[in-house]
Structure formats: structure tokens, C-alpha cells
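Derivation of every value follows stated rules applied to the coordinates shown; laboratory data play no part. Note that the coordinates shown come from a computational prediction; the quantities given were computed from them, not determined experimentally. Cβ: placed from backbone, ideal geometry, glycine included. Neighbour counts: every protein chain shown.
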2 protein chains.
Amino acid sequence: MANKITERTEDFSQWYQDVIREGKLADHSPVRGSMVIRPNGFALWENMKQALDQMFKDTGHENAYFPLFIPKSFLSKEAKHVEGFAKECAVVTHSRLRSTDDGVEVDPESKLEEELIVRPTSETIIWDSYRNWIQSYRDLPILINQWANVVRWEMRTRLFLRTMEFLWQEGHTAHATKQEAVEETTRMLEVYRTFAEDFMAMPVIKGVKTESERFAGAEDTYCIETLLQDNKALQAGTSHFLGQNFAKAFDVKFQSSEGEHEYVWATSWGVSTRLIGGLIMTHSDDQGLVLPPKLAPNQVVIVPIWKSDEEKEEVMDYCDDIVSELKERDIRVKVDDRENMSPGWKFNEHEATGIPVRLTIGPRDLKNNNAELARRDTLDKNIVEREGLAQRVDDLLKTIQEKLYTTAKERIEDNTHSVDSYDEFKDIIENEGGFVYAHWDGTAETEEKIKEETKATIRCIPLEDGEEGECMVTGKPSKQKVLFARAY
Amino acid sequence: MANKITERTEDFSQWYQDVIREGKLADHSPVRGSMVIRPNGFALWENMKQALDQMFKDTGHENAYFPLFIPKSFLSKEAKHVEGFAKECAVVTHSRLRSTDDGVEVDPESKLEEELIVRPTSETIIWDSYRNWIQSYRDLPILINQWANVVRWEMRTRLFLRTMEFLWQEGHTAHATKQEAVEETTRMLEVYRTFAEDFMAMPVIKGVKTESERFAGAEDTYCIETLLQDNKALQAGTSHFLGQNFAKAFDVKFQSSEGEHEYVWATSWGVSTRLIGGLIMTHSDDQGLVLPPKLAPNQVVIVPIWKSDEEKEEVMDYCDDIVSELKERDIRVKVDDRENMSPGWKFNEHEATGIPVRLTIGPRDLKNNNAELARRDTLDKNIVEREGLAQRVDDLLKTIQEKLYTTAKERIEDNTHSVDSYDEFKDIIENEGGFVYAHWDGTAETEEKIKEETKATIRCIPLEDGEEGECMVTGKPSKQKVLFARAY
Ligand SMILES: [Zn+2]
Ligand SMILES: [Zn+2]
């Protein structure tokens, strides 16, 4: 089979689409900007969900479900919130179709009194509920997460990275004190960092957004940012300290232990199927998808090879034993015993779909008590002994997980610069890309000027302390260097 | 605490609402007909999902995700399908809001060229994808399931049983032969029966719908039907044999192994959060929610009782050991050590939220090496020995699971009648309710006449063979008695 994947150096954007298609992750849908998540893509998302969900539960959160539709008037209640989302809303205006000679049309008599917005995010509908749930400090904190679909009417879409409808989780918490809410915000940011690095093998930098990049309605937006193979940055998760903004908009007060009536403090935080785009652009290569073993739907595939029926029985017995040993170790393994497909064809498919480890077993392996072991990340192949195979595979999966992280970490470090002059900044942004640390005077004007002149944005003000200095553009004082990049 | 739950005999409908409120399962939402699923309700749904999902995977299905929005023209492609859903659709017509002096309004300039329908079910959008995925018999079968939210603009809604938006799973399979598709349809019906009876402890009858009750676009609709405590029936799950209707509507053909081009055969099948309504009305009582242990978010709650700090430490140690022993057996247990709440207040809450088993542990229990064990279903309490406690609780959970099933089974049997005359039929439907088996001549006219005169509908034609006879209304020949009831 000819490799159907464009090389990264040739056309990164086409490569990305090819990896998704050959990896059987997703399709474009006939609804502009929407996508179909195929079984291989969805199984990956399910593994991501499961790991995140456990981390949310371990930090005391419960899941719930709030309505898809938000009354238009709710959006207006928080001024900045509606400003941020009004221009990209799917609006439901009618509740019925009627027949015509050649199909159906919207029945004008079914026009709604108040239009409904398909949720772009759920702060408003949730805080409307919280008003009913919260009376006293005893009802706090509320620590709720929701797994849901949301819709934002994006004009320029790209599979996973930016789609009109996407899947995500949104945490929405309510607290008695500012301090608790701020702690929650940073706790969940750390959950996201852990997930990105330990499960996705995707190194990230933690920081806080500038005012102009803040979530609509937030007091502070914390984020994790990563750098992809084309040297563009990706915001991979956000955690918002919402202050008392939504409590005030929805009139949610509680009686404190001292008997005072106070507004409730809020956070929200989310990651989405966009992470899958980041995962692909972090690890995949010109052969297709590369997946970290912790998240791969199948961690190991076994390809049995035989000629006669007698060989088939022996080979399959040999494979079955290996499967049992791997499953005992909770390794996700499948046997690809499809007939009418050559081993080479299968190998290509397994590479393109990102299965971390492949075992090939033929009659010769039975005779010699061997197996052929192939690694997806390095494409290395080795003949290994049957004895101790399960332990070896188990170790190899851990090795691959670590290797993907360190490779990505080194790549990002190699593509991170720290500059002192605006000329140097422009040169690197234009010619190399990547992360660039530079001093900035803290004003929206300078931020905007840099963005206009270089297309680079401030990804975040890193949480790690930095040294003081002077803005590379204006020369005004700067507390620390901030992180710039061109971004998705 | 006064019991806030209306008695069933007094007002069944109010009782149902009270059980949901006190069980912390769901709230009404400000969007008419929508609901908020609260953490206790959602944890129940998660357990149901997990059990069903495993059964789907065990029968070879994979999960995927298709878009929320369906182009209006897609719905029209299958004539009966659009007829069935056109009158209850949420229609998206615009993609933007704009500011006004006192809020926001729909921006008329954002009107869509083609309106989008919020999916009421996904056959059309999925078969549009299947056209791209299926070329040859080698691509078949496709066995896909989707967990999703769907919207049907219902006018009369009731929490869980009928809501505008609900959560469900929808299986959509594609097959090379009619026989395979029919087998899939009945296989999934059996999966639903198993889930209803073995997990929900909710006895059901399997059957096939009459033509007038068939899913819009199906050749045959199979169903499971149960009978609730108010003697009304509930359709709890459906599995549709779709023939080649959607393949023809979306032009999905495959090349058979003989080289012929043929239309693909289809099934679809689904259950929804409506099942939670059925679960409540099957088992709950005047104290509130009763849950089968296999699905209960918490299977055991431990209430520690102490007066001094010294007592507290001893009691908590004693409880911690019990928790460890229960967790070793994979029993879901929580300790309710909230302060400032009396044991009685907690007991009421645990009863109302349906925790199957409660253990109360005080200083006296430590001294005597005992525990107080209470069963939610029977409200029995016993002092039991500490030794062997985990085993006893484990056994008790199984006993409760079985007891709930047999109690429901007996109730349904006691409320199932078989009649030969229409007078007897009308008498029972009007005065007792319940399931009534009777002969019917197989015509839509007679079915409609019975419905108009008695409000009873044919729930299904049971899959079990019955004896021939004469229609109770027209005297015409009948192949077997069919199952009637008034239904939700
Ligand atoms: Zn450089
Ligand atoms: Zn009777």
C-alpha cells in the first residue's frame, strides 16, 4: 500500500488531515464545521474522559447534567459573558416543521416567544440552578462537573482543533470564600497539567491569560499551553476564577456562619475534544498517528501469520496464550486475524491508527519460541523470546509513554527562546516560530501592536516567577517575561 | 423531620414528583420541558450507562459520535420518518445575536440558508455517513452505538418519563442481509430485557408493536414493556428493524461477495433516561426512592454515632475497618460523618435517596462487637455481629436485588388479566388498570376504536406464541391475544 499521508515538511495542514483520515479518527460532516467522531477517535476520547473523570472524582467533584438550551435572556445577564458569545450562537427560533409539496419547511406558527441558545458554555443555566440550591454556608462548596456537547458558531473550523460542535467537560463550582475559589481554580489547572503530561505525554506551561484573552465573564483565566510540531502554540485547557460575577448576575447569595448574606464565589474549568488535535500534532509522524500507551484504544495488536489450516491452529493457540498473559496485566490487546488481507496491509493500518506495540507471530516463531516485536514510535523491530514476553511488553509500553514525553519536551525546549529586543523577537517569530519569552509592559495597546505586527499573541503570563526588565517594544517596566507564540 | 413525600394512594403523580425531589434526582429547568439531572440522578444514570455499554461492547459494538444538528433536507429523505418527527422539532435558524438597548436580539442577517434540526434521533445523519463508509460486503456489518442528548418538542412533559431534551443511547447497525439485521434487532431487544430485569429488577414483556405504534421509518419495532405501581404501562426500550428504508433514502449500496450491488439492511435501537422514571415507579415507596443495589450510586451508608471526641475516634476507627472490608468486595460505601445533623435526619435522607443498606455504629456497638443493619426496601432493622459483617452485607445486597425483582414480578402478575369479552376488558381497564391480554382482529380500525373507548393501547404483540381465537370487539379471527394497557 502506498502511504497516503503527506509529509509534515511538505504541507503540515494536509498532513494533519491525512493522519486523521488514515487514523480513522474523524470525518467532516455535511453540517458545515461539524465532525463525525469515528470509533477509533471516540475510543481515544473515552480513555481520556475516563482518566480525567477519575481525577475530578478524586478531587471531590460529582457529575450532573444541565439543559442544552439556554433562554436568550439568561445570556444577557452577565454583560461581558454575552459580549463574548453573542456573535457565535446557534439560535433555536421554532419548534415545528410543516409539509410542503416538495419536502418540509419551518412552520411560522411555531415561533417561540423567547429564542433558545444552544449552549456555548453553561455558566448561566447552571448559576440559575445554583440560586435554588444554595441558601447557607452549609450548602457550599458545590463541586460539579458536566460532560456535554457545546456549540460555537466558528467560521474557520478544523477537525478537533476548532469545530462548531465539540465535546467537552465543564466544571462549575461555588464557594463561600474568594480564597477557596482561587484554590479550586489552580487545583484544577494542576489536574489539567497532570493529565496533559502524564497521560497525553504532552508537556505544557502553566500560566494566566492577559485581560484581552480572558474568558468572557472571568476575573482571571488560568491556562495550560503547549507547542506543536509546526511550532504553533495550542491552548490545551483553561480554569477560570469567576469572582462573584455570575452570583451577582443570577442573585446567588448565601448566609455565612456569621449570619451575613454574601454573594457566592465561582470557578469554571474545561477541556475538550480539541485536546485530540493537540495530541495528534504533538506525537504523530509521517506514517500516521502515534498514541501514548496510556490512552491508546488498543495498546498491542498481534498479527498471526499462517499458510495451512494446521499452521493456523498452532499459531492461534500460541497467540491466545500471549493474549491471556497480556490481559492479566490489564493490557488492551487485540488479535488481527482478518483473512484476505496481507500482513503488510495490516502493518500499514496499525501504524496509521497508532497502536503502540505490534507483535507478529508466524510458524517460525513457534519453532524458535520467539515473537517479532515492533514499536510504533521508533518503528524499530526485534525478534524477542517468548519467555518473559508479557513483562517485556508491559515495560515497553511504559518506556514508550516516557519516551514520547521526553521527545516532546526536548522538541519544545529546542523551540523555546528568550529574547530582549523586538527585532530579535520578530526574527524568531517569523523565521522559526515556537515559544518566545519576552518582556512586555502589561498594556493591551502593546499586546495588540505586537499581535498586529507579528501575529504572535501572549499565550500566558507564566506562573513561575521571572526577573524584572523592560518591555521590548516600549521600554516601560515589566515584572517578568511573558510567553508569546503564534497559536491555533 | 416530617415526611415530605405524598402517599402513593393519595396522589400518585405528586408522589412521583416528591420522590424525585427528595431523592435529589432532578429539578425542573427554566426551559419548559427540560430538566436538570442532579448528581444523585446522574450517578444512577452513569451506573446504568456503564452496565449497558459493557453489554453493547460484549455484543461487538463500538461507540462513535455524530453531529447534533441535522440539515432539514435530510429529515425529508425518508417519508415516514419526517412525518413522525416534523411536528416536534427544535429548529436552528440563526447563528448570531446582536446588542440592543436592553439586551440582545437575534441578528436577522445571520439567517441560515438551510435550517438545522436538533436531532430527535440520528438515523438520517448516520446513514449519510454510512454511504461514505460502505462500499463492499467487507465493510459490513457496521455495529455502532452513540451516547447522546436528543430533543423532541413534547408538549406534556414529566421528569425523566417525557422531557424535551433527554439522554439516551442509539445503536445504528448496517448489514449485508435481511436475516442478519433481524437477528441484530432481536439480539439487542434481549440485551434490553436482560438489563431491565437483571440490573433494574424491572420485569418486562417482550413483543412487537402494531403498525400504528411503529417507529417512523421502521419495518418492525420490537419493544419491552413494563407495568408500574399505578397500573399504567411503560415502554422501556425499543429495537427497530429498518429494512432497506434508510439505505434507499440515502443511497447506501454495497457490492456483495457475488459482485451484485445491493441496498444495505439496517437496525436501530435505544433506551433513555426515561428508564429512570420506570425504575422509580417500579420500586419506590412512601418513604422515597428505592434502588436496586446493582445500580445504586451508594450501596451502603455508614452512620457513626458518638458523643465525646474520644468516642468519635474509636467509632471512626471501627467504621474505617468496615469500609475497607466492604471496598475489598467492590461494594460502593460512604460514611456519613457530617456534624450538626442528627442521626434521624440522616436516616431520613438516606431513605429518601434510596441507599439500599444502612449501618449505624455507636459506642455500644463497639462494646458488643455489633452493628445495626437496616434494609431500605423492607425498612427492617437488626443488630448483627461484627464478625462476618462484610459477607453478610454482600449477601444482603444480592438478596435485596432479587427481592425487588420478585416483588415487582408478583405485583405485575397480580395485575395482569386475560379476558375474552370486551365488557370484561372495559371493566378491568377502567376499574383496575394493569395489563390485559385480549384477542384483536389485527386491524388499525379496531385498535383505534378500543383506544378511543377505553384509552388503552396495544402495548405489544407478545413474542411468546399464544392460542388463536376471536377478536373481543369484532369477533373476527385473531392469531393470539395481544397485550393492552393504559400507558405513559
Ligand atoms: Zn533558534
Ligand atoms: Zn383483578
Report summary line: For peptide A:39-45, the mean count of other chain Cβ atoms within 10 Å per residue Cβ is 4
Requested in this report: Kindly express, to the nearest 10 degrees and within the range 0 to 90, the angle between helix A:39-58's C-alpha long axis and the longest C-alpha principal axis of chain A.
Outcome: 60 degrees
Query raised in the report: Which entries of B:Lys455/B:Lys476; A:Lys24/A:Lys294; A:Lys80/B:Lys334; A:Lys49/B:Lys381; A:Lys294/B:Lys49; A:Lys367/B:Lys57 show an alpha-carbon separation above 30 angstrom in the structure shown?
Result: A:Lys80/B:Lys334; A:Lys49/B:Lys381; A:Lys367/B:Lys57
Query - Cut-off 14 Å, label 7 Å out along Cα→Cβ of B:Glu262, residues of the range B:120-142 by amide N - result: B:136-141
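Tally Lys and Arg at +1 and Asp and Glu at -1 over the other residues with C-beta under 9 Å from the C-beta of A:Thr6: what net charge comes out?
That sum, taken over residues with Cβ under 9 Å, equals -3.
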Report task. Note the angle between two axes, namely the Cα long axis of helix B:343-352 and the longest principal axis of the Cα atoms of chain B, as a number of degrees from 0 to 90, rounded to the nearest 10. Result -> 20 degrees
**Report entry** Modelled FRET efficiency - R0 35 Å, A:Gln179 with A:Glu83, Cβ distances, 0.05 increments
**Finding:** 0.75
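Using the Cα centre of the protein assembly as shown as the reference point, and only Cβ charges (+1 on K/R, -1 on D/E), how large is the resulting charge dipole? Debye, rounded to the nearest 20. Provide the component values of the computation, followed by the final result.
Details: 124 positive and 180 negative charges, 165 e Å.
So the dipole magnitude of the protein assembly as shown works out to roughly 800 debye.
Helix-only mean residue ellipticity at 222 nm, the protein assembly as shown, DSSP H runs n ≥ 4 weighted -39,500 (n - 2.57), per residue, nearest 500. What is it?
My calculation for the protein assembly as shown gives -10500 deg cm²/dmol from helical runs alone.
At a Förster distance of 41 Å, what's the computed FRET efficiency of A:Asp321 paired with B:Lys248, Cβ-Cβ distance as r, to 0.05?
Values: r = 48 Å, r/R0 = 1.16.
Once the sixth-power term is evaluated, E becomes 0.30.
Against the globular-protein guess of 2.2 N^0.38 Å, express the Cα radius of gyration of the range A:417-485 as a ratio, rounded to two decimals. The partial results should precede the final answer.
Details: Rg = 10.6 Å, N = 69, 2.2 N^0.38 = 11.0 Å.
With N residues counted in the range A:417-485, Rg over 2.2 N^0.38 Å equals 0.97.
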Requested in this report: Would you give the gap between the C-alpha center of the range A:214-268 and the C-alpha center of the range B:373-443, rounded to a whole Å?
Outcome: 49 Å
Query - Residues of type aspartates and glutamates that A:Lys77 reaches as a straight line, Cα spacing below 12 Å, ignoring anything fewer than 8 places off in the same chain - result: A:Glu123, A:Asp128, A:Asp251, B:Asp102
Report summary line: Once both label points are put 7 Å beyond Cα along the C-beta direction, the B:Asn431-B:Lys479 separation in nm becomes 3.4 nm
Report task. List the lysines whose Cα lies under 16 Å from the Cα of B:Lys178, skipping any in the same chain that are fewer than 8 positions away. Result -> B:Lys248, B:Lys253
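Using packing as a proxy for protection, rank A:66-74, B:444-452 so that the peptide with the highest average count of other Cβ atoms within 10 Å comes first.
Numbers: A:66-74: 23.7, B:444-452: 14.6.
In descending order of packing, they fall as A:66-74, B:444-452.
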Report summary line: Taking r as the C-beta separation of B:Asp53 and A:Lys449 and R0 as 56 Å, the FRET efficiency to the nearest 0.05 is 0.60
Query raised in the report: By how many nm would the segment from B:Thr194 to B:Lys4 lengthen if fully extended, with 0.36 nm per residue of separation less the alpha-carbon distance?
Result: 65.0 nm
Report summary line: Contour minus Cα-Cα span, B:Leu463 to B:Gln255, at 0.36 nm per residue, comes to 71.5 nm
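When you look at the Cβ of every residue in A:150-157, what mean number of other chain Cβ atoms sits within 10 Å? Let's see the in-between values first.
On the way: counts 1, 7, 0, 6, 0, 1, 0, 0.
Mean partner-chain Cβ count within 10 Å for A:150-157: 2.
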Query raised in the report: In nm, what is the difference between 0.36 nm times the number of residues separating A:Lys409 and A:Leu379 and their Cα-Cα distance?
Result: 8.8 nm
